[in-house]
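The values are calculated or read from the model by the stated rules, or taken from the named source; none is laboratory data. Keep in mind that what you see is a predicted model, and the values were worked out from it rather than measured. Here Cβ is always computed from backbone atoms with ideal geometry, including for glycine, and neighbour counts include all displayed protein chains.
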């Protein structure tokens, strides 16, 4: 009798495990009363079926299903601008350089190993006046192809004499999207400045949150660099959907309120999934609705 009981217990356990391992594709659908709404409208999505989990992808920037694994994009521009002040003699001995193959190790060996392009002739530098605006420089040629650009200011002297001073008053690096939207990437405080001295470590770039400053020594030649961190305007954070249901809840409809703030056409995706308890297997069903949002 004991053997018979043990046999049935084992069978029941096997059946239970089999059920726990079984996973079905979600039966799921979604409808709306219309496919055209106005900006600011509350949109009701009605569901049939009962998947364990539902994720809502609105189609708005930052919530596009196709971009869920995207790590970089194309077409963005790196725009750089700064203000300068040249004091105690006009010697024009500071150059502005950019590299897209600097490896990020801030020492003389690695700075020298990188390829640097002199872009001084593309900017306006102080000729004695304070807060001289450089103008905005488009760095696209250095960042195309998902590359990163590092900006450097180089102070160099060729004769031993009383030396002038250069001050970088402001610095801004911005990301311009194809639609013209500007997103700040860095300012003077957050640009990640590092000083590298090739000659005369007694006179090096002073770095503060307010400015960069260097005045060379009167009794020695100088070759001193100050470099930003690298900037890649095409780096992208993967888009994210909004989890609106999990296995512990039931959901027959979802109200998207205040989601669509800009007119346009949006592909809405609902990602329905079922998963097992004992492994990572997931079955999913996608449902799409194209919405037109008018002013």
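Below, the figures for the structure above:
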read-out	value
Condition broken by residue 29, with the remaining ones in (1) at pLDDT 95 or above; (2) assigned to a loop (DSSP other than H, G, I, E, B); (3) surrounded by 12 or more Cβ atoms within 10 Å (Cβ to Cβ) satisfied	(2)
Residue ranges of strands (runs of 3 or more DSSP E) in the range 216-295 with at least 3 members more than 30 Å from residue 186 (Cα to Cα)	242-245, 253-256, 264-275, 282-294
Yes/no for residue 176 being modelled with pLDDT of 95 or more, surrounded by 14 or more Cβ atoms within 10 Å (Cβ to Cβ), outside the structural domain of residue 262 (by TED's automatic domain parsing) and within 16 Å of residue 82 (Cβ to Cβ)	no
Strands (runs of 3 or more DSSP E) contained entirely in the range 34-79, each with at least 1 residues that are in contact (Cβ under 8 Å) with a residue 12 or more places away in the chain and either in the same structural domain as residue 133 (by TED's automatic domain parsing) or farther than 18 Å from residue 269 by Cβ (or both)	36-38
Within the range 87-203, strands (runs of 3 or more DSSP E) holding 2 or more residues that are in contact with a helix residue (DSSP H, G or I) (Cβ under 7 Å, 6 or more places away or on another chain)	94-99, 194-199
Every residue from the range 209-225 that is more than 14 Å from residue 198 (Cβ to Cβ) and touching a residue at least 60 places away in the same chain (Cβ under 8 Å)	215
